[in-house]
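Step one of this worksheet: look at the structure below.
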Amino acid sequence: MPLRMHKNVRSFRDSTSGNIAMMFSMLMVPVLAAVGLGIDMSKSTSVQRALAEAADAGALAAARARLNNKSLSLADAEQIARKAFDINIRRLGDVAVSNFKLAYDEENTTYTINLDTAVSTQFVKLVGIKEFQTSVMSEVRASAPRGLELVMALDNTGSMSGSKMATLKT
């Protein structure tokens, strides 16, 4: 009996059939974790881009408001910026924004919005990462509007032959 058991153990040890299934099952967890990380990172990047666009809109709204009303305080401009920002992030759903701050650099006439947020994860929370921290900075240079330039183009192709050209010139 021991000889037969020894043969079975040796046969099991030397067997190569089924290795693919075993390797596949062992590698499935890290592969799925990597795919989940990719999905969560993609979501985080998408949210960061949307927040940057919303911060740009907020900074532009604050700059325009202060250009139109010189007596508007920076605190009031920050409220205008936050309102424009909030309108633009509605499509993101429930995103918790912290440290939203509007700053004005008088020397360079720039408005800067800084903010932080945490993007919750769906897949990598299984390995202990519950959220990705994201920061956004948007800067807008504001200057008084210049005069309007108007350019007119005259069509002098064959379609304007005859009296059409003379009528257009008058």
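Points to keep in mind about this one:
- Residue check for ASN156: under 27 Å from LEU67 (Cβ atoms) and of a type outside the set (Lys, Arg): no
- Condition met for LEU92 (among the aliphatic types (A, V, I, L, M) and in contact with a Phe, Trp or Tyr (Cβ under 6 Å, 6 or more places away or on another chain)): no
- Qualifying positions in the stretch 18-75 - of a type in the set (A, V, I, L, M, F, W, C) and closer than 16 Å to THR110 by Cα: ALA55, ALA57, ALA59, LEU60, ALA61, ALA62, ALA63, ALA65, LEU67, LEU72, LEU74, ALA75
- Selection of the stretch 123-136 for residues being outside any loop (DSSP other than H, G, I, E, B) and open to solvent by 60 Å² or more (accessible area, probe 1.4 Å) yields LYS125, LEU126, VAL127, GLU131, GLN133, SER135.
- Residue list for the stretch 79-90, restricted to those being touching a strand residue (DSSP E or B) at 6+ places or on another chain (Cβ under 8 Å), in a helix (DSSP H, G or I) and among the hydrophobic types (A, V, I, L, M, F, W, C): ALA81, PHE85
- Screening the candidates SER73, SER120 for the property of being farther than 30 Å from PRO30 by Cβ and open to solvent by less than 100 Å² (accessible area, probe 1.4 Å) yields one hit, SER73.
Okay, residues lined up against (1) outside any loop (DSSP other than H, G, I, E, B); (2) surrounded by 10 or more Cβ atoms within 10 Å (Cβ to Cβ); (3) at pLDDT 75 or above:
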| site | (1), (2), (3) |
| --- | --- |
| ARG4 | yes, no, no |
| ARG13 | yes, no, no |
| THR16 | no, no, no |
| ALA21 | yes, no, no |
| PHE24 | yes, yes, yes |
| LEU27 | yes, yes, yes |
| PRO30 | yes, no, yes |
| VAL35 | yes, yes, yes |
| ILE39 | yes, yes, yes |
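- Condition met for GLU139 (modelled with pLDDT of 85 or more, surrounded by 11 or more Cβ atoms within 10 Å (Cβ to Cβ) and more than 30 Å from ALA63 (Cβ to Cβ)): no
- The residues on offer are ASN114, ASN88, and the sole one that is in contact with a helix residue (DSSP H, G or I) (Cβ under 9 Å, 6 or more places away or on another chain), within 15 Å of GLU139 (Cβ to Cβ) and open to solvent by 40 Å² or more (accessible area, probe 1.4 Å) is ASN114.
- Lone unmet requirement of (1) under 20 Å from the mean Cα position of the chain (by Cα); (2) surrounded by fewer than 15 Cβ atoms within 10 Å (Cβ to Cβ); (3) farther than 30 Å from VAL31 by Cβ for LEU60: (2)
- Residue within the stretch 91-107 that is open to solvent by 40 Å² or more (accessible area, probe 1.4 Å), farther than 25 Å from GLU131 by Cα and either part of a helix (DSSP H, G or I) or of a type in the set (A, V, I, L, M) (or both) present: yes
- Count of the stretch 123-140 residues which are in contact (Cβ under 8 Å) with a residue 60 or more places away in the chain and more than 14 Å from LYS43 (Cβ to Cβ): 7
The values are calculated or read from the model by the stated rules, or taken from the named source; none is laboratory data. Here the structure is a predicted model, which is why all the values come from computation and not from measurement. All Cβ positions, even for glycine, are placed from backbone atoms using ideal geometry, and neighbour counts span all protein chains on display. Ligands, DNA and RNA are stripped out before the accessible areas are found, and what is left, the full protein with its side chains, is counted by its heavy atoms. Shrake-Rupley method; radii C 1.70, N 1.55, O 1.52, S 1.80 Å.
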